[in-house]
Amino acid sequence: MTVLVTGGRGHVARAVVDGLLTAGQQVRVASRSPEQAVVPAGVETVRVDLADPQTLPAALDGVTKVFLYADAQGIDGFIKAAEAAGSPHIVLLSALGVEEGDPATDPIVRMHRAAETSLRGSGLRWTFLRPGSFATNTLQWAPAIRATGTVKAPYPQAHASSIHEADIADIAVLALTQPGHEGKAYPLSGPASVTQQEQIECLSEATGRTIRLEEISAEDYRTTLSQWGAEEMVNTLVKHLVDANNRPAPVYTTYPDLTGKKGRTYAQWAVDHAADFR
């Protein structure tokens, strides 16, 4: 069988590709810019833009499973093309909080809820993966750490049960290669809730250098984010930090329940990505 992996340049997608190859699957990687996708030798790449339905038939030809990144604007066209191609099983990378969040104010909830709703109403088989905070989100600190060894952020005691991209990929590969996962929605997290200060300490240990977290105000942080993010997204990110301040994040047992293994800690993620911060 051929598995189509969309978002081929993303951290999760790359880990999914590696896991599928280890499991002996044939993989086709889709990206808006396939020429920039770094894939293992022998892996086919194809251009896919969910906003351009003409790119879909060739990508879906002969495909029985799909690892799909949510894109509310293109989901309906994708579903139509997938149904025409033989209705492959879709494993959707969704988001924690998609059911209880407010789509009117949270663009992350809005996008993922729209994708889930469309898939539920289609004739396709589906599995939803709902991770919370990604450990890779802290890669945003890498330029400052490399340049100055100091991260400027508000709420050093804000918690997150950040998940390693490899843990998401492990569950995706299970859903793509083993029966019993259709119609399931899996909440995913890392194995522990850690604060931003603790994440900085993990990065210091992993890199062997002193890294400092300098606390700034929420308004200064908002100004920094506004340089690259839309106002609605900035408001969402700041609100998440406010809500997480001094409040441990939920930890889900989905990963050990399904794999029989312990989830990878943020400290392990820091070791795996230490080179990005040096």
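The values are calculated or read from the model by the stated rules, or taken from the named source; none is laboratory data. If you're wondering where the values come from, they're calculated on a predicted model, not measured in any experiment. Positions of Cβ are generated from backbone atoms using ideal geometry, with glycine treated the same way; all protein chains shown enter the neighbour counts. Heads up: the accessible areas ignore ligands, DNA and RNA and are worked out on the full protein's heavy atoms, side chains in. Shrake-Rupley method; radii C 1.70, N 1.55, O 1.52, S 1.80 Å.
Filter the range 1-27 for residues that are farther than 13 Å from Val66 by Cα and in a loop (DSSP other than H, G, I, E, B) and give the result.
Listed by number, the residues that qualify are Arg9, Gly10, Ala23, Gly24.
Would a scan of the range 7-23 turn up a residue that is crowded, with 20+ Cβ neighbours inside 10 Å, on the phi > 0 side of the Ramachandran plot, in contact with a helix residue (DSSP H, G or I) (Cβ under 7 Å, 6 or more places away or on another chain) and not β-branched (Val, Ile, Thr)?
Looking for residues that are crowded, with 20+ Cβ neighbours inside 10 Å, on the phi > 0 side of the Ramachandran plot, in contact with a helix residue (DSSP H, G or I) (Cβ under 7 Å, 6 or more places away or on another chain) and not β-branched (Val, Ile, Thr), one finds at least one in the range 7-23, hence yes.
Out of the range 81-111, which residues are open to solvent by 40 Å² or more (accessible area, probe 1.4 Å), closer than 26 Å to Thr236 by Cα and among the aliphatic types (A, V, I, L, M)?
Listed by number, the residues that qualify are Leu96, Ala104, Ile108, Met111.
For the range 28-35, state whether one or more residues are modelled with pLDDT of 95 or more, more than 26 Å from Thr117 (Cβ to Cβ) and either in a loop (DSSP other than H, G, I, E, B) or not hydrophobic (A, V, I, L, M, F, W, C) (or both).
Checked against the condition, which is being modelled with pLDDT of 95 or more, more than 26 Å from Thr117 (Cβ to Cβ) and either in a loop (DSSP other than H, G, I, E, B) or not hydrophobic (A, V, I, L, M, F, W, C) (or both), the range 28-35 yields at least one hit.
May I ask you to say which residue of Glu100, Glu83, Glu116 is within 18 Å of the chain's Cα centre (by Cα) and either at pLDDT below 95 or within 22 Å of Gly180 (Cα to Cα) (or both)?
Numbers: Glu100 fails: within 18 Å of the chain's Cα centre (by Cα); Glu83 fails: within 18 Å of the chain's Cα centre (by Cα).
Going through Glu100, Glu83, Glu116 in turn, the sole match is Glu116.
List every residue pair whose Cβ atoms sit under 6 Å apart, with the two residues 6 or more apart in sequence or on different chains, where the first one lies in the range 250-272 and is of a type in the set (Gly, Ala, Ser) and the second, anywhere, is open to solvent by less than 70 Å² (accessible area, probe 1.4 Å).
Going by the 6 Å Cβ cut-off, the qualifying pairs are Gly263/Asp167; Gly263/Gly190; Gly263/Pro191; Gly263/Tyr255; Ala267/Cys202; Ala270/Cys202; Ala270/Leu203; Ala270/Ala206.
Give Ser189, Ser193, Ser161 a once-over and let me know the one that is under 15 Å from Phe134 (Cβ atoms), surrounded by fewer than 21 Cβ atoms within 10 Å (Cβ to Cβ) and in contact with a strand residue (DSSP E or B) (Cβ under 9 Å, 6 or more places away or on another chain).
On inspection, the qualifying residue turns out to be Ser193.
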